[in-house]
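Data first, discussion second: the structure below is written as structure tokens.
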Amino acid sequence: MPAVAGAAFVIIWAVDANRALFVALNHLGPATSDWLWANTTVLGDTVVAFALCLPLWRRRPDLLWAFLFLALLGTLWVHGLKHLFDVSRPPAVIPDVHIIGPGYQAGSFPSGHATTAFAIAGLMAITARFRTTYVILASGALVVGISRSVVGVHWPLDILAGAFGGWLSAVLAIDLGRRTFSFGSKAWVQWALGIFLAVCAAWLVIGHPRSGYPQADLFQRAIGICCLAAAAARLKRAPA
């Protein structure tokens, strides 16, 4: 996956298609539904993505431990490059951009939502037993990435950089998790990670206005409730 994202990045940059491709993707919003894309793009929000990892608690302790490395590596990738490259977002460059949600102006490269989506998808997909699961997760992350151009706040190159860094973070996190699992498997570590992710899920239920997409409030609350219910079910079944 990083190789595919990297190759696509080079091709789009080489043929100078970044702006034209953004315009084409951005037109999907008016042609379809703002509500649809708002609900799609929040899946790349950090709090939402973290909450979606809560069902790993007491089901996949290895992936729950790897999640910690994933969060650290993904954060370093996004914020490191954002400080290194001061790239203006499409609304600051192109007039009449169709914007869904906040119309950010700066800090475009790379896309944090795309990084998060591909990081979480990679964490689940790389260790999946079935090829179909891999395809579904990778495809879902791609749609979330595309949504960042549809809502008007990221260039395609931002999205591809996020895809590259997110999936690479997953590969590295899984390897680091395996090497240090003797520590990560300790009960108190697993509980600490579970509580942190439960707080993220609860935040969605209470209300997460910082996502910037009020059209997705109900969807975010539903995600939070489902993830908390999944953890509660595991709490009843598993020994203390």
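The values are calculated or read from the model by the stated rules, or taken from the named source; none is laboratory data. Since we're looking at a predicted model, the values are computed, not measured. All Cβ positions, even for glycine, are placed from backbone atoms using ideal geometry, and neighbour counts span all protein chains on display. Heavy atoms of the whole protein, side chains included, go into the accessibility calculation; ligands, DNA and RNA do not. Shrake-Rupley method; radii C 1.70, N 1.55, O 1.52, S 1.80 Å.
Summary table below
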| item | result |
| --- | --- |
| Highest average packing first - 15-24, 96-105, 167-176, 215-224, Cβ atoms within 10 Å | 167-176, 215-224, 96-105, 15-24 |
| Kirkwood-type radius of segment 1-82, with distances r between different C-alpha atoms, in Å | 15.9 Å |
| Relative packing of 150-157, 188-195, 66-73, which averages over residues the other C-beta atoms within 10 Å, highest first | 150-157, 66-73, 188-195 |
| Option label - Rg and Dmax of the Cα atoms in Å computed here, alternatives (i) 20.0, 61; (ii) 17.9, 58; (iii) 17.2, 52 | (ii) |
| Within the chain, helix-based [θ] at 222 nm, where runs of 4 or more DSSP H residues each add -39,500 (n - 2.57), nearest 500 | -22500 deg cm²/dmol |
| For the chain, built as a Gaussian network whose Cα springs stay under 10 Å, the top-fluctuating residue of S147, S185, S33 | S33 |
| Centroid-to-centroid separation of segment 59-85 and segment 163-212 [C-alpha atoms, Å] | 9 Å |
| Whole-Hz ³J(HN,Hα) from phi, Karplus 6.51 cos²θ - 1.76 cosθ + 1.60, for segment 223-232, glycine and proline x | 4, x, 5, 5, 5, 5, 5, 5, 5, 5 |
| Within a Gaussian network of the chain (alpha carbon springs, distance under 10 Å), most fluctuating of G207, G44, G107 | G207 |
| Where R58, R148, R234, R178 fall by accessible area, highest first, once all protein chains stay in place (1.4 Å) | R178, R234, R58, R148 |
| Anisotropy class of segment 44-86 from Cα gyration tensor, a/c 1.5 cut | oblate |
| Surface share of carbon and sulfur [accessible, 1.4 angstrom probe, percent] for the chain | 70 percent |
| For segment 70-165, alpha-carbon Rg relative to the globular expectation (2.2 N^0.38 Å, N residues) | 1.12 |
| Phi to ³J(HN,Hα) by Karplus 6.51 cos²θ - 1.76 cosθ + 1.60 over segment 203-219, Hz, x for Gly, Pro | 4, 5, 5, 5, x, 10, x, 5, 5, x, 10, x, 4, 9, 4, 5, 4 |
| Accessible surface, per residue, of the chain when the full set of protein chains is kept, probe 1.4 Å, Å² | 49 Å² |
